[in-house]
1. Each residue of the range 14-27 in order: what ³J(HN,Hα) in whole Hz does its phi give by Karplus 6.51 cos²θ - 1.76 cosθ + 1.60, θ = phi - 60°, with x for Gly and Pro?
2. I need the phi-derived Karplus couplings for the range 56-71: 6.51 cos²θ - 1.76 cosθ + 1.60, θ = phi - 60°, integer Hz, Gly and Pro marked x.
3. Over all Cα pairs of the chain, how is the pair count split among 10 Å bins, expressed in % and running from 0 up to the last occupied bin?
4. With θ set to phi - 60°, apply the Karplus curve 6.51 cos²θ - 1.76 cosθ + 1.60 along the range 216-231 and write out the HN-Hα couplings as whole Hz, x wherever there is a Gly or Pro.
5. Which distance in Å, rounded to a whole number, links the C-alpha centroids of the range 41-87 and the range 102-127?
6. For ALA47 and GLU134, what is the calculated FRET efficiency with R₀ set at 25 Å and r taken between the beta-carbons, to the nearest 0.05?
7. Under 14 Å from a point placed 7 Å out from the Cα of ALA230 along the Cα-to-Cβ direction: which residues of the range 65-99 have their backbone N that close?
8. State the answer as a single residue: which of LEU157, GLY201, HIS118 lies farthest towards the positive end of the charge dipole of the range 63-213, with beta carbon charges of +1 for Lys and Arg and -1 for Asp and Glu, about the Cα centre.
Amino acid sequence: MKEIESLADWIKQSDFTVVLTGAGMSTESGLPDFRSKDGWWRNFDPATIATVDALETNYSLFHEFYCMRLKTLEDCRPHRGHYILAEWEREGMINSIATQNVDGFHKAAGSGRVYELHGSLRSIRCNSCEEYAEVEDFIHKVQCRSCGGRLRPGVVLFGETLPQDAWDCALRDIKKAHLVIVIGTSLQVYPANQLPGMTNGKTALINYDIQDGDSRFDMVIQGKTGQVLARLNREILGDV
Ligand code: OAD
């Protein structure tokens with residue numbers, strides 16, 4: 001495919017490449033995304049379970065939903081695509097990954113500079129005093145051992161702001177980037193969806209569901225994340 005060759009060239013030529021990932025990065029690991037046919041938000045209304053209001057006024061449902069997310073995560077692992085990105089960072093071909101994913105798979109696969117824009121599912125803390133707690137405590141609905149408050153996963157809920165550090169780093173890198181590769185996101189959620197428009201570099205989108213091209217990007221590759229990254233990797237290594 002001509003696009004694979006071109007994007008491989010762009011990656012080799014770029015001095016500063018940033019990857020922005022969404023849930024479509026991890027569906028091949030077995031985790032559902034949010035808005036596709038089998039996505040989380042097709043079965044659950046985020047307004048009733050993924051908001052600050054849900055945490056405060058409907059903790060049982062909130063707790064049930066995030067326990068389900070944690071259980072799903074337990075059975076899944078990073079896939080080849082996550083490992084390829086980690087290898088590219090070690091080889092100096094990409095600089096950082098800004099991710100909307102809360103699964104921790106980029107770090108688990110060995111990527112070093114990962115900006116988790118929506119936090120991390122397995123990082124449990126007290127909603128009142130911020131004290132960290134164990135995943136098991138959250139699952140068993142134990143109260144915070146310091147203040148008796150409610151435990152919650154360290155994900156960004158609707159109505160909360162993004163972790164400042166992660167956002168600042170992502171923005172800084174995106175502004176510096178010569179190339180931004182956007183993988184597996186519907187770009188429907190603010191403010192992460194603004195990032196690709198904030199670079200002066202080239203932009204490429206990898207997604208299996210692309211309607212009529214996508215004029216926001218300099219290049220669009222339709223395909224599954226793992227397969228596209230494997231083909232790009234072979235092209236870069238000259239192993240085609
Ligand atoms: P979405 O579910 O909105 O979008 C996932 C995108 O990935 C869709 O465009 C799919 O077509 C595509 N996709 C799925 N599997 C793929 C695969 N194997 N290969 C290529 N593309 C694939 O998920 P996000 O854009 O990540 O936020 O959603 C953004 C945020 O919305 C999430 O971080 C979450 C959610 O509400 C919070 O919970 C704060």
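The values are calculated or read from the model by the stated rules, or taken from the named source; none is laboratory data. In this text the structure is predicted, and so the values were computed from the model without any measurement. Here Cβ is always computed from backbone atoms with ideal geometry, including for glycine, and neighbour counts include all displayed protein chains. Areas reflect the complete protein model, heavy atoms only, side chains present, ligands, DNA and RNA absent. Shrake-Rupley method; radii C 1.70, N 1.55, O 1.52, S 1.80 Å.
1. Karplus values, whole Hz, x for Gly and Pro: 6, 8, 8, 10, 10, 10, 10, 10, x, 4, x, 6, 10, 5.
2. Per residue, the Karplus-derived 3J(HN,Hα) values read 7, 10, 9, 4, 4, 5, 4, 4, 4, 5, 6, 5, 5, 4, 5, 5 Hz.
3. Taking every Cα pair in the chain, the percentages come to 8, 32, 34, 18, 7, 1.
4. With the stated coefficients, the range 216-231 comes to 6, 10, 6, 8, 10, 10, 8, x, 7, 3, x, 5, 5, 5, 5, 5 Hz.
5. 12 Å
6. Working: r = 29 Å, r/R0 = 1.16.
Working from the Cβ atoms, E equals 0.30.
7. Residues 79-85 qualify, since their backbone N sits under 14 Å from the label point.
8. Checked the options; the winner is GLY201.
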